[in-house]
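**Student:** Next up is a structure, given as structure tokens.
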Amino acid sequence: MILKSTLDKAAQENILSPEQVEPLFQFLQNEHADDHSSTILAERRDEPLKFVRSFGDVFIALGVVLLVLAINVANLANYEYILPAIVFIGLAEWLVRVRKLVLPGMVILLSIIYFVYKAIPFDNGNGTFIGLSIICITSLLFYLRYKMPFSLFPFSVALVALFATFIGFDILENPIIFSGFGLIIFAVAFWFDSLDTKRVSHLSDNAFWLYLLASPLIVHGVMISLLLGDWQWIKSLNIEVVMMAFFIIFFLISLLIDRRVMLISTQMYMIYALSQVMQSKADNEQEVLIYVLVALSLFVIYFGAYWYKTRQIIFGFISSTFMNHYIPDLNKREDNKIKRH
């Protein structure tokens, strides 16, 4: 950015007239503001991890953790834990509401949940219900107060656990229920994403944390049902091929909605599925593992470099349909040049 004093010196040396100084200065200021806004927008259209803005955030979060440990060592009585909970709410007012710090805010929320949990006495008969309710209520209130997207993660985890406790089914005997919960959370996440397709507000961050929970629930439910299910129609299928088909569909969905975070939960299951498919093509398990890891590493590197190009090639036809209004821009490119000042 050119300073006004520099333009004044240029006018004194007759490089430009004094009358041109102020209009040129205003023009340069507006150009700088536009470029800065474009830079922020370009950076946020991706799937950024906005947990840490500087090492200072890590330092503050570490301080919060040490404070929690110190209070925990004090062995307070149940009701006495209300005091540190209030203190941490005060910290949230300063660090989250005023300073807008994300990583310390995440630690503070978990600390408040812990202290509130410790402060409320309950017997073994209703312990699970009260504990999960504390997580739900505290996380929801924290979100409503501070609009911190991470709050939705413990809220959703506790809510799923509460529903799983009271639906009347043995969730371990019916693992597909996990996928049902995951699909519901996925739908809510997609709704948040559809409201902010340019990913410039906290709504897309809400979606990030919900996708992070929905993906393992969906994958775990489907995979456990395929591997351990007692259903005859599953036994009649080629399980390895079905698993690979599931991964391909799952990948295409994550590519369409531009959410790489969804693929995190599939990695271990994908390694297993690829190992089973390639088992007959190798002499021993070690060779299979090597082939699988090499294939997966090439997959990750390629799509890390050409994610948007591949997305445009596969789903470019959607840009002229109604779906284009609910997903991020299909014309994004990896090689965009962003101006720096």
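**Student:** Select the helices (runs of 4 or more DSSP H) contained entirely in region 1-100, then report the ones holding at least 3 residues which are closer than 26 Å to Tyr114 by Cα and either hydrophobic (A, V, I, L, M, F, W, C) or modelled with pLDDT of 65 or more (or both).
**Tutor:** 55-73, 82-92
**Student:** Within region 294-310, is even one residue assigned by TED's automatic domain parsing to the domain that holds Trp191, in contact with a Pro (Cβ under 9 Å, 6 or more places away or on another chain) and modelled with pLDDT of 80 or more?
**Tutor:** no
**Student:** Check Met243 against each of (1) surrounded by 14 or more Cβ atoms within 10 Å (Cβ to Cβ); (2) of a type outside the set (Val, Ile, Thr); (3) modelled with pLDDT of 85 or more; (4) over 19 Å from Tyr308 (Cβ atoms) and name the one condition it does not meet.
**Tutor:** Met243 satisfies every listed condition except (3).
**Student:** Return the pairs, sorted by first residue and then second, in which the second residue is at pLDDT 85 or above and basic (Lys, Arg), the first residue lies in region 255-268 and is under 17 Å from Tyr302 (Cβ atoms), the beta carbons are less than 7 Å apart, and the residues are 6+ apart or on different chains.
**Tutor:** What qualifies is Leu255/Arg311; Asp258/Arg311.
**Student:** Exactly one condition in (1) more than 29 Å from the chain's Cα centre (by Cα); (2) modelled with pLDDT of 95 or more is not met by Leu109; state its number.
**Tutor:** Condition (1) is where Leu109 drops out.
Yes/no per residue for (1) of a type in the set (Asp, Glu); (2) surrounded by 16 or more Cβ atoms within 10 Å (Cβ to Cβ); (3) without any contact (Cβ under 8 Å) to a residue 60 or more places away in the chain:
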| residue | (1), (2), (3) |
| --- | --- |
| Tyr146 | no, yes, yes |
| Ile167 | no, no, yes |
| Phe178 | no, yes, yes |
| Leu183 | no, no, yes |
| Asp205 | yes, yes, no |
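**Student:** When residues of region 181-221 are filtered for being closer than 20 Å to Lys147 by Cβ, polar (S, T, N, Q), within 15 Å of the chain's Cα centre (by Cα) and assigned to a helix (DSSP H, G or I), how many remain?
**Tutor:** So the answer is 2.
**Student:** I'd like the full set of residues that are in contact (Cβ under 8 Å) with a residue 40 or more places away in the chain and surrounded by fewer than 19 Cβ atoms within 10 Å (Cβ to Cβ), limited to region 191-203.
**Tutor:** Answer for region 191-203, where residues must be in contact (Cβ under 8 Å) with a residue 40 or more places away in the chain and surrounded by fewer than 19 Cβ atoms within 10 Å (Cβ to Cβ): Ser194, Thr197, Lys198, Val200, His202.
**Student:** Looking at (1) at pLDDT 85 or above; (2) surrounded by 13 or more Cβ atoms within 10 Å (Cβ to Cβ); (3) assigned to a helix (DSSP H, G or I), which one does Gly316 not meet, given that it meets all the others?
**Tutor:** (2)
**Student:** Within region 116-134, is even one residue of a type in the set (D, E, K, R), touching a helix residue (DSSP H, G or I) at 6+ places or on another chain (Cβ under 8 Å) and either more than 20 Å from Leu76 (Cα to Cα) or touching a residue at least 60 places away in the same chain (Cβ under 8 Å) (or both)?
**Tutor:** Checked region 116-134: no residue is of a type in the set (D, E, K, R), touching a helix residue (DSSP H, G or I) at 6+ places or on another chain (Cβ under 8 Å) and either more than 20 Å from Leu76 (Cα to Cα) or touching a residue at least 60 places away in the same chain (Cβ under 8 Å) (or both).
The values are calculated or read from the model by the stated rules, or taken from the named source; none is laboratory data. These numbers were taken from a predicted model, which means no experiment stands behind them. Positions of Cβ are generated from backbone atoms using ideal geometry, with glycine treated the same way; all protein chains shown enter the neighbour counts.
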